[in-house]
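The values are calculated or read from the model by the stated rules, or taken from the named source; none is laboratory data. Not measured: the values here are computed from a predicted model. Cβ placement follows ideal geometry from the backbone for every residue including glycine, while neighbour counts extend to all protein chains displayed. Heads up: the accessible areas ignore ligands, DNA and RNA and are worked out on the full protein's heavy atoms, side chains in. Shrake-Rupley method; radii C 1.70, N 1.55, O 1.52, S 1.80 Å.
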Amino acid sequence: MTDDAPEELAERKMRFLFALRQRGVTDPRVLHAMERIDRGGFVRGHFEDRAYEDTPLPIPCGQTISQPSVVGLMTQALEVGPRDKVLEIGTGSGYQAAVLALLCRRVYTVDRHRRLVTEAEAIFADFGLSNITAMVADGSRGLPEQAPFDRIMVTAAAEDPPGPLLAQLKIGGIMVVPVGQSDAVQTLIRVRRGETGYEYDELRQVRFVPLVEGLG
Ligand code: SAH
């Protein structure tokens, strides 16, 4: 967090929310959650003073905290309800999980890097977020012991939506996942599981770090 004057902070926050709206984040519940979760708390070191810019930033283990507007658009696309049990693959900084935690009943978030999970847990405690369970696991297998989930958000890019994740989605559930073979551009997909099958819908182009199998 930065130690700027309160007025300066308030203005940065206003600009942050304005940029989100301009980029299509219009769901008032999502905007409210992103107003409450201070991104500055999840960005450490050199990049702290860029926390309110709409840009991805580096975090430890060679990973990135996503661009805020992408966090907003993905959260919005997930249509999270207050009773939902949500799985996030790719804890990273913990920012996305914290935003989700304000919108649902419980978030399970997994990352393949222990350091990221440990650091994110400390931040969740600082923020008083008690409905997040963070674990070290290979998210490409999902989290069978807690399945099924109402919602699944994948914040690393896979070649295809991983089979175990599709299987761990409840009927009526939604998954948002970036897919694509290239490192440079992927397509954000929304999957809805119906009674008889899965329905896919392409949302936009995005760029995420790859989903890597096994632990880091
Ligand atoms: N959601 C994060 C950003 C995620 S960056 C945030 O809000 O900051 C993508 C993350 O996915 C990285 O931390 C990376 O370690 C993790 N990851 C990649 N492959 C994974 C896998 N198979 N299982 C779990 N986590 C994985």
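Annotations
- Taking the range 116-136 as the range and being closer than 25 Å to Gly62 by Cα, open to solvent by 20 Å² or more (accessible area, probe 1.4 Å) and either part of a strand (DSSP E or B) or not acidic (Asp, Glu) (or both) as the test, the residues that pass are Thr118, Ala122, Ala125, Phe127, Ile132, Thr133, Met135, Val136.
- Sole residue being more than 15 Å from the ligand (Cβ to nearest atom) and not hydroxyl-bearing (Ser, Thr, Tyr), chosen from Val117, Val177, Val185: Val185
- Of everything listed in (1) over 24 Å from Arg190 (Cα atoms); (2) within 14 Å of the ligand (Cβ to nearest atom), the single unmet condition for Ile65 is (1).
- Within the range 2-32, being within 16 Å of the ligand (Cβ to nearest atom), of a type outside the set (Phe, Trp, Tyr) and under 22 Å from Ile59 (Cα atoms) holds for one residue alone: Leu20.
- Annotation: of all residues in the range 149-184 being part of a helix (DSSP H, G or I) and touching a residue at least 12 places away in the same chain (Cβ under 8 Å), the one that is farthest from Val206 (Cα to Cα) is Ala167.
- Just one of the listed residues (Leu87, Leu78) is more than 23 Å from Leu20 (Cα to Cα) and touching a strand residue (DSSP E or B) at 6+ places or on another chain (Cβ under 6 Å), and it is Leu87.
- Selection within the range 156-202 - surrounded by fewer than 20 Cβ atoms within 10 Å (Cβ to Cβ), in contact with an Asp or Glu (Cβ under 7 Å, 6 or more places away or on another chain) and closer than 21 Å to Gly214 by Cα: Gln181
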